[in-house]
Amino acid sequence: MKGCYRGGIAINITFRASLTTTLLILLITCGVVPVCQAQTQEDQELIVCSCSPDLPQLSIEDSSQNDPLVLALQENLLRLGLNPGSADGTFGPGTQSAVKIFQVVRGLEPTGIVDEKTWDELYRAMGETDLEDVDPEAATSIIIDRGTRTLTILVGGKFHKQYQVAVGKPETPTPLGDWRIVHRSLNWGSGFGTRWMGLNVPWGIYGIHGTNKPHSIGSYASHGCIRMFNNSVEEIYPLTKVGTPVKIIDTRQSAPRLSGKTLREGMSNQEVVYLQWILKDHGIPISSDGRFGKMTAWAVKYLQALYLLPVTGEVDSATIEALQGK
């Protein structure tokens with residue numbers, strides 16, 4: 001990865017060679033002469049310096065059409081294996097969802113807004129080793145976005161590939177949370193395609209599997225499982241093992257709020273996951289596994305004491321009001 005300096009800050013952006021015209025427009029738009037020259041490699045990437053360390057913030061709210069910087073962002077997301085929708089220079093819902101997934105993977109708040117921290121992480125990601133090479137010793141993790149119906153594979157913490165999937169119908173939604181693969185099987189049943197990877201969701205049987213209904217891929221069609229094309233699930237199966245982490249999110253859903261029902265130790269449901277997310281927002285490092293165990297109870301007691309509430313470990317209406325800031 002080549003770099004250039006302006007104002008003492010190193011900036012790197014990698015674009016595909018097919019974007020030559022867009023990049024020329026981008027440089028003209030910046031209104032500066034870059035310190036270093038673009039270089040091309042045969043059938044490979046075109047490396048161009050960014051013309052300013054202070055790239056503008058990009059978001060769905062203030063994007064114009066045919067924006068060359070948005071187009072460059074979309075092409076880089078595609079290179080990382082994320083799907084921003086049409087690479088047309090318009091910051092639409094697809095680009096916003098791809099940015100959110102990128103932010104989740106890189107440990108940033110999933111706002112969908114490309115701010116300074118997101119640009120910095122994008123530069124780092126583009127400078128990493130070839131994302132298509134899979135190290136069999138590297139740990140695999142999976143992120144499933146219920147909102148965009150996509151499954152993203154990470155190998156060694158780096159983007160590897162993204163697949164379109166089918167997820168649960170509104171009445172039988174795919175469970176959000178931090179899960180792990182606890183069971184793997186070949187040809188588990190005719191309706192599950194050629195591969196099955198079961199998850200440790202405590203209130204039902206959910207998993208990632210193939211399908212005998214390929215027309216359903218890309219839709220909300222299942223009873224909560226994640227369906228893939230059989231060739232796709234066969235492709236990711238060797239990369240997984242018992243214990244592989246699977247994070248299920250929904251980038252098109254606003255932050256869930258607790259319904260008001262009392263939650264207590266021993267319970268397991270989707271609302272417990274929402275509680276655990278809220279506890280994380282209050283700075284408590286806790287797993288979003290949907291199980292109201294001793295750690296969750298301890299976290300609730302800590303915050304109850306902090307907010308001068310009765311320290312019961314149960315999430316009642318007063319605790320919910322304090323946690324959600326009503």
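For the reader, a short list of remarks on this structure follows.
- Antiparallel DSSP beta bridges within segment 140-249, as percent of all bridges there, nearest 5: 75
- Rounded to the nearest 20, the size of the Cβ-charge dipole of segment 270-324 about its Cα centre is 220 debye, with Lys and Arg at +1 and Asp and Glu at -1.
- Theoretical FRET efficiency, 1/(1+(r/R0)^6), r = Cβ-Cβ of GLU171 and LYS280, R0 35 Å, to 0.05: 0.80
- Among the listed pairs LYS100/LYS261; LYS169/LYS261; LYS161/LYS241, a Cα-Cα separation exceeding 19 Å is found for LYS100/LYS261; LYS169/LYS261.
- Between the beta carbons of TRP298 and SER259, assuming R0 = 25 Å, the FRET efficiency works out to 0.65 to the nearest 0.05.
- Multiplying the residue separation of ASN231 and SER216 by 0.36 nm and removing their Cα-Cα distance gives an extension gain of 3.9 nm.
Each reported figure results from applying straightforward, stated rules to the coordinates on display, with no laboratory input. In this text the structure is predicted, and so the values were computed from the model without any measurement. Counting neighbours? That spans all protein chains shown, and the Cβs are built from the backbone with ideal geometry, glycine included.
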